[in-house]
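Let me begin by presenting the structure, written as structure tokens, before commenting on it.
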Amino acid sequence: MADDDFLEVIESEVRRDPRNLALREDFIMLLLEADPARAAAELTAFESGGGDPARARVLRARVLAARLRGGATEPPSEPAPIPTPSDGNLAKEPDVPGVWDAERPKVTLADVAGLSEVKQHLNTTFLAPLRNPELAAAFGQTPGGSLLMYGPPGCGKTFIARAIAGDLGASFIHVTLAELLSKWIGDSEKAIRSVFRYARAAAPCVIFFDEFDALGGRRTSGSVGAQSMRLIVTQLLEELDGVSSVNEGVYFLAATNRPWDIDPALRRPGRIDKTVLVLPPDAVARTAILKGDLEGKPADGVDLNQVATATEGFSGADIAHVVKVALQQALTASMAAGSIVPVTTEALLTVARGVTPSTASWFDQVAPVLEYGADDGTFEQLRAYRVKRGM
């Protein structure tokens, strides 16, 4: 089926079920490369239909990034101002202390339930040298490093990033697209420069870039927008290489659902050359998520293991959605009965049976990449997982 035909099928489903916000979000993601203008229109419908505001902000930043790569710009509602040296937007300099909020995470990898393979891979490839600085120094290694986490959405990459910072006893700066992308040429590069400057001053410090493919996407040529993206990636390369400063004690983590879209220059040795696959939570992790989401709520002897088994392949976000819907249904029943009607095992199982794991679409997307795309070793863990699962 041609791409256009596939988009038409998805669009018809969205029009048939306009209240299905998850489907509309998937449609927006598909439109980002094919038609950013339509993606922007669908995003407006997503917001007006009650879509999650935080998710909407991320999607809007991705739409802006897609338009920059394609050379399009946001249609202005009024004439765009002409920047001058005295313009406040140009005078605004993000390279000042205090712009970036750094936190000290209290969680560590020991607080991440399950995911033993992920934690083992992190320990052997990334954390072990950092925990043994004297031994690493004997081999010419300085404290610091970069890591790309990839996998289906909603599987805990942000939580793991915080846990890594906690393990290292480092400060943690969470950088979002909305904080970096700007319509003013040069502002995004200044923001990248400032966050690295702040991290060096606060070392040891972990910088975490979310939705990284939208920022570090492949550079194209032929448009002003593409030139802007090249400048952003070039600035990021300069900071990662430590051209103007030493990155000792600065750890760069990035997360993406689309690792195949990352600019190859960012993945060269010495830059973001380590990867870890963050897969859907295993049985232990699913049980822990269910327990945490139900804690303190009216529940009647819920068999967490049974529900965890029924939600195999679900992301953490999917499981949270199952619990949320079951709680809403119990609340409705309680109001009708005039007394508390607790959540039961069967109620959770019934909701779970009506949910299609959001991870399924991601595995569908990655299949042709594994079959036809170039692989520098990034997908080694994923290939092993697919063989293990018979996919």
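A short reminder: the numbers here are calculations on the coordinates, not readings from a lab. The structure presented is a predicted model; accordingly, all values stated were derived computationally and were not measured. Don't worry about glycine lacking a Cβ; one is built from the backbone with ideal geometry, like all the others, and counts go over all protein chains shown.
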Could you run through segment 256-290 and say how many residues are closer than 19 Å to Phe314 by Cβ and buried (at least 16 other Cβ atoms within 10 Å of the Cβ)?
-> 13
Yes/no for Val322 being surrounded by 17 or more Cβ atoms within 10 Å (Cβ to Cβ) and part of a helix (DSSP H, G or I) | yes
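Do you know which residues across segment 50-60 are of a type in the set (Gly, Ala, Ser) and part of a loop (DSSP other than H, G, I, E, B)?
Filtering segment 50-60 down to residues of a type in the set (Gly, Ala, Ser) leaves 50-51, 54, 56.
Passing the criteria: Gly50, Gly51.
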Tell me, please, whether a residue that is surrounded by fewer than 21 Cβ atoms within 10 Å (Cβ to Cβ), touching a helix residue (DSSP H, G or I) at 6+ places or on another chain (Cβ under 6 Å), on the phi < 0 side of the Ramachandran plot and without any contact (Cβ under 8 Å) to a residue 40 or more places away in the chain can be found in segment 165-181.
-> no
So, of the residues in segment 296-319 that are surrounded by fewer than 16 Cβ atoms within 10 Å (Cβ to Cβ) and without any contact (Cβ under 8 Å) to a residue 40 or more places away in the chain, which turns out to be nearest to Ala22 (Cα to Cα)?
-> Glu312
Name the residue, out of Asp293, Asp318, that is under 21 Å from Cys155 (Cα atoms), in contact with a Ser or Thr (Cβ under 6 Å, 6 or more places away or on another chain) and of a type in the set (Asp, Glu).
-> Asp318
